[in-house]
1. Please go through region 385-407 and give me each residue that is touching a residue at least 40 places away in the same chain (Cβ under 8 Å), under 17 Å from Arg448 (Cα atoms), open to solvent by 10 Å² or more (accessible area, probe 1.4 Å) and of a type outside the set (A, V, I, L, M, F, W, C), ordered by number.
2. Select from region 280-295 the residues that are surrounded by fewer than 24 Cβ atoms within 10 Å (Cβ to Cβ), more than 12 Å from Gly240 (Cβ to Cβ) and of a type in the set (A, V, I, L, M) and list them in ascending order.
3. Can you find even one residue in region 17-30 that is farther than 21 Å from Phe153 by Cα, open to solvent by 10 Å² or more (accessible area, probe 1.4 Å) and in a loop (DSSP other than H, G, I, E, B)?
4. Hey, any hits in region 572-582 for a residue that's touching a helix residue (DSSP H, G or I) at 6+ places or on another chain (Cβ under 7 Å), among the polar types (S, T, N, Q) and farther than 29 Å from His355 by Cβ?
5. Would you mention how many residues in region 133-158 are modelled with pLDDT of 95 or more, over 24 Å from Asp191 (Cα atoms) and surrounded by fewer than 24 Cβ atoms within 10 Å (Cβ to Cβ)?
6. Give just the number: which of (1) over 15 Å from Met25 (Cα atoms); (2) acidic (Asp, Glu); (3) crowded, with 19+ Cβ neighbours inside 10 Å; (4) over 17 Å from the mean Cα position of the chain (by Cα) does Glu269 not satisfy?
7. Return the pair list, or none, for Cβ contacts closer than 9 Å from residues in region 455-475 that are small (Gly, Ala, Ser) to residues that are assigned to a helix (DSSP H, G or I) and surrounded by 15 or more Cβ atoms within 10 Å (Cβ to Cβ), at least 6 apart or on different chains.
Amino acid sequence: MPSSFPALFEPGFIGSLEVKNRIVMPPISTNLASGGGKVTDRLIFHYAEQARGGAGLITVENVCVDYPLAQHGAAQPRIDDDVFIPGLCRLVEAVHEAGALIAVELTHPGANAELHLLGGKSPIAPSALPRAGDGFVPRELSAAEVGVLREKFTAAARRARVAGFDAVELQACHGLLINQFLSPLTNHRQDAYGGSLENRCRFLAEIITGIKRYVADNYPVMVRLVAEDSMAGGITPQEGLDIARRTEAAGADAIHPDFGLGGKEKRLEPMPYPQAWRVFLAERIKRVVSLPVIAVGVIREPVVAESILAQEKADFVALGRALIADPDWPTKALTGQEQSIRRCFGCNECVVARHVEDAPLRCSLNAAVGLSEEECRVERTGEPKRVLVIGGGVAGMEAARVAALRGHRVDLYEREDHLGGALDIAALPPGKDKIRWITEYYAHELPRLGVNIHLGEAMDAARVRALAPQAVIVATGSEPIGLKVPGFDRPNVIVSQMLLAKRMRFAGERIAIIGGGMLGLETAAYLAAQGNVVTVLKRYKTIGRRIEPLYRDYLLRKLGEEGVDIITEVAIEEITGAGVVVQDKQGDKRLI
C-alpha cells in the first residue's frame, strides 16, 4: 500500500550514503553509558529500539573526543581511545541489525565543560573570556594546542569508521567548542583562528578536511552547524549563511542547522512553542548550499514532516524528542497508523533528567525509555483476567493500555462523558493545548486494543461487587486541598481546578491568586489573557521552583508581558470581600 507521506519515505543521500527514508534521529544525551564512558547494554538497547521503529539514520549522542576536558555529562560515551572501539562495534551492529544506518556526533564543550567533571583541570576555549552564568574564565588554547585538538577530532572519526559507523557528525552549534571558534562573542583571537570570518571558520574547516584526508575521502561528515547565535553581537543570520557556504566548501556532506550561543529555550523548547518553528533555519541555509540540509525543531506529526520536505524547506527531518516519546513513529506513519503515534507534547521531562539532574534519560509518555530490555518487556499472559479500571485520566488510561497489551479483558469506567481527567484542565492555560494529544492518543488506542470504555458512569463499591472483576485498578485522581485561612469559604473564592474545569471567564476584574506553583502561574496566565488585572501571592521567595526550568522562565516572561504582579514572601492572613489580607516578613499587614 503506498504511503500517505511519499516525500518522507523516499530514499535520500548524504554523501555516498543512501538512507532508506528522510527521517534522522539527532543526537540526544541519554546518560546510559557507564561512568567510565563505555557502551552499556542499556545504551545499545535504547538505540536499537529507535532503529527498530523505522528511522533511516540514527545519530548517537555527543561522544567525548578528549577526556576529561571534553566530557559533557555524567555518563557520556567516549571515543578518545581505541579501548572503546569494541563496545562501539556492538552498538553499531545492533543498530544495523535493527534496520537503520548509524552516525555518531563528535563533541567538545570547550568553555562550557562542567567543572565538577574535569578533575580539577580548567576548561579550554578559543579565548580566555568569562563564561555566561558563572563568570569562570577558561584557559585559552595556544595555536599548537588547536592543532592537537583538531587531530583528536580526526582520530575520533577514524575510530568511528573502524567501529562501523556509517558517518560522523561534528557538533558546531549550541555554544560548544566549534561554535565558540565561529562566534565573535567567544573568539577574540588575533592569530589564524580568530578575527575574520575566514579565520574563525578555520578550525571547523580543518577538522572536516582532516577527516577526509586521513580517514577516507568518501566518509560522510555531517555538521550540526550554528545558523545564528541567539545573543546580541554573535553570529548573525547573514554570517550563518556564509559559514554554511564555507562548511560546504570544506567538504561537509550535510548540514544540520540550529541555534548557537544563547539560552537553551530555543533548542529545548517548552510546550508553547509551535510545531516546526525552527525549520526556517534549514530553509534559509538550503537556499545557499547544494548539499543536503536537515531540519529540526518541534516536528511532531507526519503531515508536518511531509510538508517540510514537499515544500523543499529541507532534505531530511530530525525527530528527536518525537522518537523518544514513540520510537515507532516512522513505522506507524509508513503504515497508515499515524493516529497511534504517541506525540511528544513538550513537557521536557527528558530535559530535566539530563540537563537539570544529569540522570539517565526518561520520558513522561514512554515509560520504557532508559530501561533495560528485560525491564520494559510487556509479555502476554497465559491467564487473562477481567480487569476493571476506575478513572479515565492519564493514569487509568495507561493502566488500561498496558493491561490490554498483556492480554487481559479490560473495562474502563469514567464518571464524566469524556476521557482525560485532569488533562482537560492542564490543557486550558495559554500554550498548553498539546496536552490534548495525550487524550487523543488513548482515545484511539484503547478501543483498538479491545478496552471497553464506559463514559458517564460513576462507580461505587456495590457496582464493583456486582461486576465481579478479578482485579480492580483505582485511578480516580485527587481533590484540591482547601486553604485553612479565614474567609476561604466566601463566595468570591474559587479553587483553580474548578475555575479551569468550568472554563470560567472574567473581564476587567482584579483577581488575586494564592500560590505560585505551576497551577497558580498558569491560572494567572489564563486569566490575564482574558483582560484581567492579576496578582500572584506567594509565601516563599522562590517562584515555580518545581517547574521545568525552561518552561518556568518562559512562563514568567509571558506573565511579565501580561502585567501580572507577583508578590513573594507574604503569608495569607484572611480573605475578605475587599481582597486578601497578607503579612510580609517584617510583620506588616496590608490588603491586596
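1. Passing the criteria: Glu398, Arg401.
2. Leu291
3. yes
4. The answer is no, given that none of the residues of region 572-582 is touching a helix residue (DSSP H, G or I) at 6+ places or on another chain (Cβ under 7 Å), among the polar types (S, T, N, Q) and farther than 29 Å from His355 by Cβ.
5. Residues flagged as modelled with pLDDT of 95 or more, over 24 Å from Asp191 (Cα atoms) and surrounded by fewer than 24 Cβ atoms within 10 Å (Cβ to Cβ) within region 133-158 amount to 2.
6. Glu269 satisfies all of (1) over 15 Å from Met25 (Cα atoms); (2) acidic (Asp, Glu); (3) crowded, with 19+ Cβ neighbours inside 10 Å; (4) over 17 Å from the mean Cα position of the chain (by Cα) except (4).
7. Every condition considered, the pairs that remain are Ala471/Ala403; Ala475/Val394; Ala475/Ala395; Ala475/Gly396; Ala475/Met397; Ala475/Glu398; Ala475/Ala399; Ala475/Ala400.
Conditions tested, residue by residue: (1) surrounded by fewer than 21 Cβ atoms within 10 Å (Cβ to Cβ); (2) in contact (Cβ under 8 Å) with a residue 12 or more places away in the chain; (3) outside any loop (DSSP other than H, G, I, E, B); (4) under 27 Å from the mean Cα position of the chain (by Cα).
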site	(1), (2), (3), (4)
Arg131	yes, yes, no, yes
Arg161	yes, yes, yes, no
Asn187	yes, yes, no, no
Asp191	yes, yes, no, no
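The values are calculated or read from the model by the stated rules, or taken from the named source; none is laboratory data. Keep in mind that what you see is a predicted model, and the values were worked out from it rather than measured. Glycine also receives a Cβ, built like all others from the backbone with ideal geometry; neighbour counts cover every protein chain displayed. Accessible surface is based on the protein model in full, side chains and every heavy atom, while ligands, DNA and RNA are left aside. Shrake-Rupley method; radii C 1.70, N 1.55, O 1.52, S 1.80 Å.
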